[in-house]
Amino acid sequence: MGNVNNLLQEISNQFNITGQMHTGGIFAALLIAMIMGFILSKIYKLYFGSSEPTDYGIGNSFLLMMPAVTSIFILIQYSLPLSLGLLGALSFVRFRTPVKRAEDISFILLAISISLSCAVQFYHVATFLMVIVAIYATVRTRVSAFNLFDSGSTLVTIRDKKLINFSDVINGLPSKFGTPNIVNSQNSDNYCSIVFTIRGNKASMHFELTNLLKGCLQESTSIDIFYPGNEITA
């Protein structure tokens, strides 16, 4: 084991990293990362707006996540053995709740990228990236507000004591409603529940959507439809 540690230390020395950050630099990096985490959380809420009837748990975590990730990058950038040990330690981390939206993964990657930029004191890179994302989120919100493209969503929940065949829902909806995307599903011996989204706010087509769903589901199935700003139960 000692020979392995010596080998890793020798490899680490080959990088010849000597300009370690002083205390003031570390404090500034962590503070800037926290500020950018706060800004990114606001951009996250601006990006989704009212089109997603869910909480903003991931967005609220950026304020704590980004300085934490920044500190990790600060610690490992001067020691290859430490970085390899940390890689092994983090491999044991598991998340019980899966990330359900592709945009959430994108924002997590943005948070990591900005944190890394702060760790190496490339604040201009972090600033440029933050500005680009803010501009995109603003344009996306404004454009959808003027209905130039439909970025809203309709959230549907179906419940029954019997097993629900979701393929019947997919086959029963015409192409103008798009392909339903499952958000969550629960199955047990006495209960079945499926939550899915349909792209676009279909409030104007509520009765048609309700009749189509009732036609492809059992009579005992309960159907709840949520539109941004207006909840309707069928």
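A few notes on this one:
- Here Thr221, Thr197, Thr138, Thr23 are placed in order of increasing Cβ neighbour count within 10 Å, fewest first, which gives Thr23, Thr138, Thr221, Thr197.
- Estimated FRET transfer efficiency (His22, Val125; beta-carbon r; R0 22 Å; 0.05): 0.55
- Sorted ascending by nearby beta carbons within 10 Å, beginning with the fewest, Val131, Val169, Val120 become Val131, Val120, Val169.
- As a rough footprinting exposure proxy, the listed residues Tyr136, Tyr227 were ranked by other beta carbons within 10 Å of their own, and the order from fewest upward is Tyr136, Tyr227.
- Here's how it looks for Gly178: its modeled amide H is under 5 Å from none belonging to a residue 5 or more places away or on a different chain.
Values quoted throughout were computed directly from the atomic coordinates according to the rules given, and no laboratory measurement underlies them. None of these values were measured; they are calculated from a predicted model. Reconstructed Cβ throughout: ideal geometry from the backbone, glycine too, with neighbour counts over all protein chains shown.
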